[in-house]
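Here is the structure we will look at.
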Amino acid sequence: MLAPGATIGILGGGQLARMLALAAAGLGYRIHIYAPEADSPARDVSAAFTKAAYEDERALQRFAAEVDIVTYEFENVPAVTAHFLEKLRPLRPGAEALVATQDRLVEKRFFNALGLVTAPFQPVENGGELARAVAQIGRPSILKSRRLGYDGKGQAMIREGSDIGAIYRAMGSPPCILEGVVNFVREISIVAARTEQGAFAAYEPCENTHEHHILARTVVPATLRPETAQKAKDYVHAIADALDYVGVLAVEMFVVEDYHTKEERLIINEMAPRVHNSGHWTQGGAQTSQFEQHIRAICGLPLGATARLGDIVMINLIGEAVETWAEHLADPDALLQLYGKRETRPGRKMGHVTKVVRR
Ligand code: AMP
């Protein structure tokens, strides 16, 4: 166990690191942020900050010497950085979780190997393979770069009549997967935590709405049958156990409904080896926030209770929407979080507001 008073190093300095730092401070830990950008929402609330590239081994070595444990706020930490740090300090979640989630093809095969259903997919390495994959999967389908894709980046829709060669070239012809389009009735996610000893705690499934590929709103409870909700949690438990996972993780799923029987099935989309935007509602909406839960899990403390405190709607304040902050402060049911970003840009996550209506 890593007792309060220790220093936790976080790779990445965005809003997730900021909220992790705030939660860690509440438990008496110090935070040291490592990020390549000087402008960091987490820097303002942390005890120490290293501005250096993820490839800078001397800076990584100094950082490791100053912290007791290392975690991260995003999954695109280079694998070499993770392996380098892992030799110096406990890295939680471990490098295995990063490797499993950095490449969509590896990730999908990992889910399938656990017996979990994903959208049909085919690997694509070149134009010829793309043509064969489109013939097999059909249209519409979605071409996704295997690496470095998030919030809809590195994705393109292949429709009837689309010039697939032009679409692939416009993406820069990277290694991709072609995925069949899932005709879902809703999207849900499960945020959960696992400790080194194998203790596991999941929050209730939440229902997510995306706009322009970016999460816009999360509602809890999700519209879901209780047996489907249990299945979703069981799947995430299986994923976390298979990775020997330590920390908070999030798994996004599609819910498809049989037209006649209304039976629900779950299709796994992707996982994030970190705290997740669809878990922001747990701040004020659950007994323990996902941020505190992550700190508890990686430090080997007992996991906190995950019970929901009311009916919840979390709305992301994206771009200019942040200007509505004063309205939310006037609402007694609303909890406002602003990320302190100095520049407002379209599509940039500036804050969020969680409305908890207690029953
Ligand atoms: P991703 O980057 O994989 O999370 O995709 C972002 C969003 O695009 C998802 O949350 C869905 O709304 C949509 N999407 C991704 N893959 C599929 C799919 N195979 N079928 C239907 N919608 C998808």
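Where a number appears in this text, it was derived from the coordinates with a stated rule and is not lab data. For clarity, every value in this text was computed on a predicted model and none was experimentally measured. Neighbour counts run over all protein chains shown; Cβ positions are idealised from the backbone, glycine included.
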| task | Before anything else, pin down the relative contact order of the chain: Cα pairs under 8 Å, at least 6 apart, normalised by residue count, whole percent. | result | 14 percent
| note | For Q155 and K51, extending 7 Å from Cα along the Cα-Cβ vector and measuring point to point gives, in nm, a value of 3.3 nm
| message | With θ taken as phi - 60° and the coefficients 6.51, -1.76 and 1.60, list the Karplus ³J(HN,Hα) couplings across region 178-191 in order, rounded to whole Hz; mark glycine and proline as x. | response | 9, 10, x, 7, 8, 8, 8, 8, 7, 10, 10, 9, 10, 10
| task | Run the dipole for region 1-117 about the Cα centre, Lys and Arg Cβ at +1, Asp and Glu Cβ at -1, nothing else charged, and hand back the magnitude in debye, nearest 20. | result | 180 debye
| request: Could you please rank L105, L178, placing first whichever residue has the fewest other Cβ atoms within 10 Å of its Cβ? | output: L105, L178
| field | Derived scalar couplings ³J(HN,Hα) [region 329-339; Karplus, 6.51 cos²θ - 1.76 cosθ + 1.60; whole Hz; x for Gly, Pro] | value | 5, 7, 9, x, 8, 9, 10, 9, 10, 10, 8
| field | Hypothetical label at R358: residues of region 304-318 whose amide nitrogen lies under 12 Å (7 Å Cα-Cβ projection) | value | 309-311
| How large is the helix-only mean residue ellipticity at 222 nm for the chain, computed as the sum of -39500 (n - 2.57) over DSSP H runs with n ≥ 4, divided by its residue count, in deg cm²/dmol to the nearest 500? | -8000 deg cm²/dmol
| field | Rounded, prolate or oblate (a/c below 1.5 giving rounded, otherwise prolate when a/b exceeds b/c) for region 120-180 by Cα gyration tensor | value | rounded
| field | In sequence order, calculated HN-Hα J values of region 348-359 (Karplus, 6.51, -1.76, 1.60; Hz; x Gly/Pro) | value | 8, 6, 9, x, 8, 10, 10, 9, 10, 9, 6, 8
| request: For Y29, list long-range residues whose amide hydrogen, built 1.01 Å from N in the peptide plane, is under 5 Å from its own amide hydrogen. | output: G5
| remark: Excluding residues fewer than 8 positions from K355 in its own chain, the aspartates and glutamates with Cα under 12 Å of it are D311, D331, D333
| query | In nm, to one decimal, how far is the A3 label point from the A199 one, both placed 7 Å along Cα→Cβ? | reply | 1.8 nm
| said: Can you give me the C-alpha center-to-center distance between region 39-99 and region 323-339, rounded to a whole angstrom? | reply: 33 Å
| request: Please list the non-local residues whose amide H lies under 5 Å from the amide H of V181, H modeled 1.01 Å from N, same-chain partners needing a gap of 5 or more. | output: I142
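Mind putting a number on the dipole of region 120-180 about its Cα centre? Charges go on the C-beta only, +1 for Lys and Arg and -1 for Asp and Glu, and I need it in Debye to the nearest 20.
Dipole of region 120-180, to the nearest 20 debye: 100 debye.
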| message | Between E270, E292, E323, where does the largest GNM mean-square fluctuation fall for the chain, given springs only between Cα atoms within less than 10 Å? | response | E323
